[in-house]
Amino acid sequence: MELFTNQVLAGIATGAIYACMALAVVMIYQAIDHLNFAQGEMAMFSTFVAWQLMQWGVPYWGAFILTLAFSFVGGIVIERALFKPLAKAPVLTHVAGFIALFAIINSVAGLTWDFTIKQFPSPFGSSPFLGSQLISTHQAGMIGVTLILLLLLFVFFRYTRVGLAMRAAASMPESARLVGINTSWMIALGWGMAAAIGSIAGMLIAPVVFLEPNMMGGVLIYGFAAAVVGGLSSPLGAVVGGFLVGIFENLVGTYIPGVGNELKLPIALALIITVLVVKPNGLFGRAIVKRV
Amino acid sequence: MSTVQDVTAAPVIDAVPKKAMSLGPLASLIILALLVVTPLFVKNFIIFQMTMWLIYAIAVLALNILTGASGQFSLGQSAFYALGAYTSAILMEHGDINYALTLPVAGVICFVAGFLFGLPALRLSGVYLALATFALATAMPQLLKLGVFEHWTGGVQGLVVTKPDAPEILATLGLKVSQDMWLYYFTLAVSILIYILSVNLLKSRSGRAMMAIRDNEIAASAMGVDVSLYKTLAFGVSAGITGIAGGLGAIAVQFVAPDGYTIQLAVALFLGMVVGGVGWLPGSLAGAAFIVFVPNIAESVSKGLSGAVFGVILILIIFLLPHGSRQLAYGAQRLIGKFRKN
């Protein structure tokens with residue numbers, strides 16, 4: 001039993017990483033209706049910017065806020081420059097655009113900051129949390145930040161004018177335009193917010209996985225999986241999905257014999273597919289009713 | 001997210017009429033002539049690259065049948081490519097079977113695998129299908145490394161495949177054909193065969209059924225099309241062709257190893273399809289050229305920034321030609337049409 005609780009706790013700790021990333025994935029999915037394959041690379045780039053600012057002597061929270069601002073503006077600029085002109089192109093062309101963005105950001109980061117791994121500081125320290133060896137204060141802080149973000153997003157989307165306008169623009173662009181919502185800028189705003197949330201995820205993940213241009217590869221796969229399991233239309237689902245995927249991955253590694261680190265990923269993904277076959281819209285997603 | 005959406009609002013891809021899926025006879029003959037003659041004048045290394053180009057073209061064509069014709073999306077093609085490659089390699093090395101005979105076996109095995117994978121995939125569409133196929137692609141290299149199969153697959157090290165010689169009958173006829181050149185013409189013959197079969201498939205009743213599903217699933221089923229059957233069939237056919245491409249790839253590269261078939265290969269095939277033009281079979285050649293040659297070009301422009309150069313070229317292509325090389329071909333056709341009128 002103790003082994004079980006320990007593994008679940010460890011799973012929650014890694015799950016927080018996935019939950020953070022999944023939140024950013026859902027955010028952009030709400031704004032543009034696509035999965036952004038370059039999301040992880042954008043987060044990685046933002047984290048490098050934060051690291052660079054700290055190297056220049058900016059204190060942690062100063063760098064944190066500057067990075068948020070940088071990512072927000074960066075997200076909007078990417079949307080305006082790259083994806084607005086493609087608005088009418090087929091969906092698959094968009095996906096190709098994401099892949100291009102991925103290649104560019106990865107390569108530029110690699111050239112600017114090279115591929116050696118770097119330490120990234122944590123604002124919460126790394127001592128054991130409440131005397132438990134399994135969760136450090138950093139991981140507890142990460143879970144806390146994820147939950148606060150979730151709450152803020154919930155309030156934003158439910159109670160603010162801009163949040164409501166964004167939802168309207170995403171679900172019914174035509175009608176939204178007719179009531180005077182600038183849908184094109186709502187999409188840009190969605191990109192900005194997704195990039196900012198991604199940068200928070202990146203800065204929280206970096207102390208755990210270390211900073212380097214390919215740090216997001218594995219995390220993004222799990223982030224996608226978490227978002228899809230939870231249901232792409234639900235931020236709450238994304239966070240729950242993140243924790244579930246983290247816990248499940250740990251339990252599989254512990255209890256099923258012959259499953260080393262190598263097979264963790266395929267098995268986690270197999271489970272996700274099973275979930276999808278049973279519930280095609282994810283655990284918390286709303287089914288889309290189609291009008292014929 | 002809206003709770004009510006019109007079915008016709010956003011199909012996965014634009015509807016492509018079946019006439020527009022292939023080239024006219026004259027253009028086909030010109031391209032064929034170029035493909036036959038060029039290797040006679042270039043070095044062995046370039047012949048090898050052209051072989052790889054044709055092999056990727058087959059794989060892109062397979063994806064094109066799945067996405068362009070039946071409207072399903074796959075990021076898992078590398079898994080079927082790997083399966084085909086390993087089938088050929090194992091049959092050649094452990095079973096001493098002639099390389100040409102391993103290809104149909106690879107095709108059949110991949111067809112079955114694809115058909116079976118298509119069954120659970122029936123319940124998924126769009127992003128969800130993309131994630132499921134993506135999972136398949138990431139799982140494949142790990143499965144190939146498993147200790148259980150190591151006797152057959154060679155584990156992490158992979159297998160070395162012997163390169164086939166040109167048949168002796170050519171030498172007795174006084175023709176000197178190098179291994180590379182023989183393999184090229186062999187691949188070309190297979191490619192032509194697959195291309196003709198694919199074009200005919202799409203022109204047949206089955207092809208029309210797939211396209212009907214792509215354009216409007218509900219209307220198709222109302223017309224009596226067995227939606228599940230044709231969707232899984234499309235998966236099977238696509239996987240089977242990809243498997244043949246994989247088998248050819250193993251013979252050409254003379255080597256199979258798990259890390260040669262990662263998700264990057266699936267992404268490359270996907271890019272090839274988009275650049276070539278979704279739903280336009282001859283575009284597979286252009287798309288495959290993009291996969292094989294553009295990374296080399298990017299590398300030669302700047303070593304450190306090759307990824308960025310590749311991305312910029314890709315963005316330029318999708319900005320200028322959002323519908324891929326098909327758009328270019330249509331433009332040319334219109335120009336020629338005008339020219340004829342004058």
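Just so you know, all these numbers are worked out from the coordinates, no wet-lab data involved. These numbers were taken from a predicted model, which means no experiment stands behind them. Here the Cβ is made from the backbone with ideal geometry for all residues, glycine too, and neighbour counts use every protein chain on show.
What the table shows:
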| read-out | value |
| --- | --- |
| Region A:17-42 versus region B:325-342: alpha-carbon centroid distance in Å | 42 |
| Within 10 Å of each Cβ in B:297-309, the average number of Cβ atoms from other chains | 3 |
| Mean Cα-pair separation over length for chain A, i.e. relative contact order, pairs under 8 Å, 6 or more apart, % | 37 |
| Top of B:F45, B:F80, B:F270 by mean-square fluctuation, Gaussian network on chain B, Cα under 10 Å | B:F45 |
| Per-residue average of Cβ from other chains inside 10 Å of A:81-90 | 3 |
| Beta bridge orientation in the protein assembly as shown: antiparallel %, DSSP, nearest 5 | 60 |
| Under the span-like rule (Cα at least 18 Å along the axis, Kyte-Doolittle mean at least -0.5), DSSP H helices of chain A | A:2-32, A:39-55, A:60-78, A:91-113, A:137-159, A:183-209, A:216-230, A:235-255, A:261-278 |
| Rel. contact order, % - alpha carbon contacts under 8 angstrom, at least six apart, chain B | 32 |
| Peptide-level mean, for A:199-208, of C-beta atoms on other protein chains within 10 Å | 0 |
| Unit charges at the beta carbon, dipole of chain A: most positive-side option, A:N250, A:S46, A:A109 | A:S46 |
| Relative packing of peptides A:24-32, B:323-331, A:116-124 - highest average C-beta neighbours within 10 Å first | A:24-32, B:323-331, A:116-124 |
| Set B:K43/B:K176; A:K279/B:K231; A:K264/B:K231 screened for pairs whose C-alpha atoms are more than 23 Å apart | A:K264/B:K231 |
| Axial C-alpha extent at least 24 Å, average Kyte-Doolittle at least 1.0 - helices from chain B (DSSP) | B:44-64, B:99-121, B:127-145, B:179-203, B:227-253, B:283-301 |
